[in-house]
Amino acid sequence: MHALIVVHARRKGEVRMFKEVLQEVVDGTQGGVAGLLMGFDGIAVEQYLRDGTESDVESVGIEYGAILKDIRRAAEMLQVGETQEVAVRAERMTTLIRPVNDQFFVAITLAPTGNLGKARFLLRTREAQFRSGLE
């Protein structure tokens, strides 16, 4: 089903391709490494890796996507509103994840010294492009 949604969005030409938007966010962020648009079912829709980067971004997305689902469930049970973003800061990588809708999320990975604030801003301001492309 995801493939049909993406093909439909690209044919209509209503939004820039997802890869281009991911590239804007990754390349526009100091320390940006990779970007991923993925379904909560673990199927990657699109990904972008900065030149010269070797990263298993799909595995990162699958693992952190499962955690994001748990966080969303907890927020719902606690009645604190919808989860807007989650950042995971590890020793060798920082990952910022934003749900796009109930079925998809976008994730950006950064080097440990990457500019998390800029990544947050760029993802937030491009969220509508992802959302409209998935309708």
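The values are calculated or read from the model by the stated rules, or taken from the named source; none is laboratory data. As the structure is a computational prediction, the values presented were derived from the model and not from experiment. Virtual Cβ from ideal backbone geometry, glycine too; neighbours counted across all protein chains shown.
Quick notes on this structure:
- Being part of a strand (DSSP E or B), in contact with a His (Cβ under 9 Å, 6 or more places away or on another chain), among the β-branched types (V, I, T) and surrounded by 14 or more Cβ atoms within 10 Å (Cβ to Cβ) is a property that holds for V45.
- Which listed residue is surrounded by 15 or more Cβ atoms within 10 Å (Cβ to Cβ) and polar (S, T, N, Q), from S55, S59: S55
- Residue count, the range 121-135 (criterion: of a type in the set (D, E, K, R) and either crowded, with 18+ Cβ neighbours inside 10 Å or within 12 Å of E24 (Cα to Cα) (or both)): 2
This table checks each residue for (1) hydrophobic (A, V, I, L, M, F, W, C); (2) part of a loop (DSSP other than H, G, I, E, B); (3) over 17 Å from V33 (Cβ atoms).
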| position | (1), (2), (3) |
| --- | --- |
| S55 | no, yes, no |
| V60 | yes, no, no |
| L68 | yes, no, yes |
| G81 | no, yes, yes |
| T109 | no, no, no |
| R126 | no, no, yes |
| F130 | yes, no, yes |
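- Candidate set from the range 17-54 (those that are under 15 Å from G114 (Cβ atoms) and charged (D, E, K, R)); member that is modelled with the lowest pLDDT: R50
- Checking R72 against (1) farther than 20 Å from E24 by Cα; (2) in a helix (DSSP H, G or I); (3) touching a Lys or Arg at 6+ places or on another chain (Cβ under 8 Å); (4) not hydroxyl-bearing (S, T, Y), the condition it does not meet: (3)
- No other residue among E76, E63 is over 27 Å from E135 (Cβ atoms) and without any contact (Cβ under 8 Å) to a residue 12 or more places away in the chain apart from E63.
- Residue in the range 92-104 that is surrounded by fewer than 18 Cβ atoms within 10 Å (Cβ to Cβ), under 19 Å from V26 (Cβ atoms) and touching a residue at least 40 places away in the same chain (Cβ under 8 Å) present: yes
- Residue in the range 75-87 that is modelled with pLDDT under 95 and surrounded by 18 or more Cβ atoms within 10 Å (Cβ to Cβ) present: yes
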